[in-house]
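The values are calculated or read from the model by the stated rules, or taken from the named source; none is laboratory data. Note that the structure is a prediction, hence the values are computed from the model and not measured. Backbone-built Cβ (ideal geometry, glycine too); neighbour counts: all protein chains shown. Areas reflect the complete protein model, heavy atoms only, side chains present, ligands, DNA and RNA absent. Shrake-Rupley method; radii C 1.70, N 1.55, O 1.52, S 1.80 Å.
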Amino acid sequence: MKIIEVVNALEKFAPLPLQEGYDNAGLQVGLTDAEVSRALLCLDVTEAVVDEAVSRGCNLIVSHHPLIFHKLAHISDENYVQRTVMKAIRQEVTIVAMHTNLDSAPGGVNFKIAEKLCLRDVSFFGAGKTVEGIQGGEGVIGSLPEEAAADDFILLLKRRFDVECVQANQLLRRPIRRVALCGGAGSFLLEAAVRAGADAFVTGEMHYHEYFGHDQQIQIAVIGHYQSEQFTNEIFQSIIAEACPSVECCLSQVNTNPIIYL
């Protein structure tokens, strides 16, 4: 099985045209005509992740976040991105990223978050986009199996996503049933969540001023960028297992979250 076959399977599930205009999903480093030894699945690519790939016999890394996001004017030892690119090239490791295209795809990142919350009747909300016959969307909305008090809902998030701290606005004084969500930096969908009739909005990041003006309108729950997208590996694993069953996958054991809670 060649690397290009794995890449094609990933891009069939989440076509690159689904990505946002600012993004840089797809092939990051390396050659796709080589045969796959193993695939390492991760959220971010760092030097430690490339080392892990080599130690575990993986010549393919599939990540959610692109290693190369901004233009590289040169490649040296100036920063971790450049050092990681050099290391991957030296070790003949190919790196592929599925980012906002996977966020927007049916069954993608947001659907995985909804699955972890056991949401029912999940559908897209926010702006939609159709690419190659695939209907994509910015966020998803669904219903909890049973309504929950706001404090219980926060505790549910902490358990399901192993979150030490949830940033929230004033606790809602009505039951929560309809939940809108967007993994990563999804605060741009807050108003759309209100219009969609959500009782709660879950995302990974929000700015301070965005919390104002929504008390008792909608329960905001911010769980952390890394935490919200940590199960993306499971999506990669299922895609590859179905389309390329001969390719052995390894889930990265490197915690790349740069934020710690003290």
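Taking Lys12 as the anchor, which lysines have their alpha carbon closer than 17 Å to its alpha carbon, excluding any fewer than eight residues away along the same chain? Within the straight-line limit of under 17 Å, Lys12 reaches these lysines: Lys2, Lys129. Each of Gln216, Asn257, Phe231 was placed along the dipole of the chain (beta-carbon charges, centred on the mean Cα), and the one lying farthest toward the positive end is Gln216.
Charge tally around Asp33: other residues with Cβ under 13 Å, Lys/Arg +1 each, Asp/Glu -1 each, net -2.
Under the convention that each Lys and Arg Cβ holds +1 and each Asp and Glu Cβ holds -1, the size of the dipole of region 143-250 around its Cα centre is about 340 debye. The shape of region 25-166 comes out prolate: with a ≥ b ≥ c from the C-alpha gyration tensor, a/c is at least 1.5 and a/b beats b/c.
Counted by Cβ distance under 15 Å from Tyr211, the other residues give a net charge of -4, where Lys and Arg count +1 and Asp and Glu count -1. Each peptide in 122-130, 138-146, 40-48 gets a packing score, the mean of other Cβ atoms within 10 Å over its residues, and the list from highest to lowest is 40-48, 138-146, 122-130. How about Lys158: which lysines have a C-alpha closer than 25 Å to its C-alpha, ignoring those fewer than 8 places off in the same chain? Straight-line reach from Lys158, under 25 Å: Lys112, Lys116. For the chain, the relative contact order comes to 21 percent (Cα pairs under 8 Å, sequence separation of at least 6).
Using the 1.4 Å probe convention, the accessible area of the chain works out to 47 Å² per residue with neighbouring protein chains retained. With +1 on the Cβ of every Lys and Arg and -1 on the Cβ of every Asp and Glu, and nothing else charged, how large is the dipole of region 92-151 about its Cα centre, in debye rounded to the nearest 20? Magnitude of the dipole: close to 120 debye.
Dipole of the chain, Cα-centred, from +1 at each Lys and Arg C-beta and -1 at each Asp and Glu C-beta, to the nearest 20 debye?
So the dipole magnitude of the chain works out to roughly 280 debye.
Roughly what % antiparallel, to the nearest 5, for the DSSP beta bridges in region 122-248? That works out to approximately 65 percent antiparallel. In a GNM of the chain with a 10 Å cut-off on Cα contacts, which of Ala150, Ala243, Ala198 has the highest mean-square fluctuation? So, out of Ala150, Ala243, Ala198, the one fluctuating most is Ala243.
Oblate is the label for region 1-52, because a/c, from the alpha-carbon gyration tensor with a ≥ b ≥ c as root eigenvalues, is 1.5 or above and a/b does not exceed b/c. Within the listed set Phe231, Phe188, Phe153, the Gaussian network model of the chain (springs between alpha-carbon atoms below 10 Å) gives the highest mean-square fluctuation for Phe188. Mean residue ellipticity at 222 nm, helices only, the chain: -8500 deg cm²/dmol; runs of at least 4 DSSP H residues each add -39,500 (n - 2.57), and the sum is divided by the number of residues. Rounded if a/c is under 1.5, else prolate if a/b is larger than b/c, else oblate: which is region 198-262, with a ≥ b ≥ c the root eigenvalues of its Cα gyration tensor? Oblate is the answer for region 198-262, as a/c is 1.5 or above yet b/c matches or exceeds a/b. For Gly184, the residues whose amide H sits under 5 Å from its own are Gly204, Ser228, Glu229, ignoring neighbours fewer than 5 places away on the same chain, with H placed 1.01 Å from N.
Dipole of region 11-113 computed with +1 at Lys/Arg Cβ and -1 at Asp/Glu Cβ about the Cα centre; of Gln28, Ile113, Val50, farthest Cα towards the positive end is Ile113. I'd like the carbon and sulfur percentage of the solvent accessible area for region 144-253, probe radius 1.4 Å, heavy atoms only, ligands and nucleic acids excluded. Carbon-and-sulfur percentage of accessible area, whole number: 48. Under a 5 Å amide H cut-off, with hydrogens placed 1.01 Å from N, Lys129 pairs with Gly136, Gly137 among residues at least 5 apart or on other chains.
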